[in-house]
Amino acid sequence: MFDLLRKHILKRIDLTKAEFQQCTTYFIPKRVRKHRYLLESGDVSRYAAFVVKGCLRSYTIDQAGEEHIAQFAIEDWWIGDPYSYFENQPSVYSIDAFEDSELLLLDRASMEKLCLAIPKFERFFRLLLQANFIASQRRIMQSLSATAEERYLQFLKNYPAIFSRVPQKQIASYLGITPQSLSRIRRHLSKHA
């Protein structure tokens, strides 16, 4: 279960085998069945979750009952609510599984202990947060300035593995468009391919 985490970490920092073995003691393995929650809106996010297997989504539901997907997460990705996790505040997001999923959970206290025990992890987590910040900024700019078709094409380019694993309705929600609009875009693109 820890092989993927090891590869993920080694892309960002160097660790000895002993350091990695020590690192694994801070994580909690967890299985989340399809359609079950990892986090429900209103609860405090206690864990950052590394996805070993499966597919999850983070989303909100507005007052009209519409879902707005903030993030998908598949193997080798992290998912959680950083604001709730770091500030100990109720989350506005719910996180649930599209597929039976295997996760490695890291609570806040364990993250702090890990960084104290192996200081290299300060850099590791900084790099993760930096990448998350950049991706968030790009997504905001794209939602403000790109057409729905451009957002869809960018999604296909950036996340081809997700496209085949989640329903089109969920992709439309992530893109901020209706499923009907997504169908029109797909028909238009297939005619001009």
**Hits in region 44-81 - residues which are farther than 22 Å from S164 by Cα and part of a loop (DSSP other than H, G, I, E, B)** = S45, R46, D62, Q63, A64, G65, E66, G80, D81
**Message:** Going residue by residue through region 9-27, is there one that turns out to be of a type in the set (V, I, T) and part of a strand (DSSP E or B)?
**Reply:** no
**Count of region 42-51 residues which are farther than 11 Å from L105 by Cβ and touching a helix residue (DSSP H, G or I) at 6+ places or on another chain (Cβ under 6 Å)** = 1
**Request:** State whether one or more residues within region 95-106 are within 23 Å of Y159 (Cβ to Cβ), small (G, A, S) and in contact (Cβ under 8 Å) with a residue 40 or more places away in the chain.
**Result:** yes
**Subset of region 176-193 that is in a loop (DSSP other than H, G, I, E, B) and at pLDDT 90 or above - its residue that is surrounded by the most Cβ atoms within 10 Å (Cβ to Cβ)** = I177
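The values are calculated or read from the model by the stated rules, or taken from the named source; none is laboratory data. Only a predicted model underlies this, so the values are computations on that prediction, with no experimental measurement involved. When we count neighbours, we look across all protein chains shown, and the Cβ atoms used for this are built from the backbone with ideal geometry, even at glycine.
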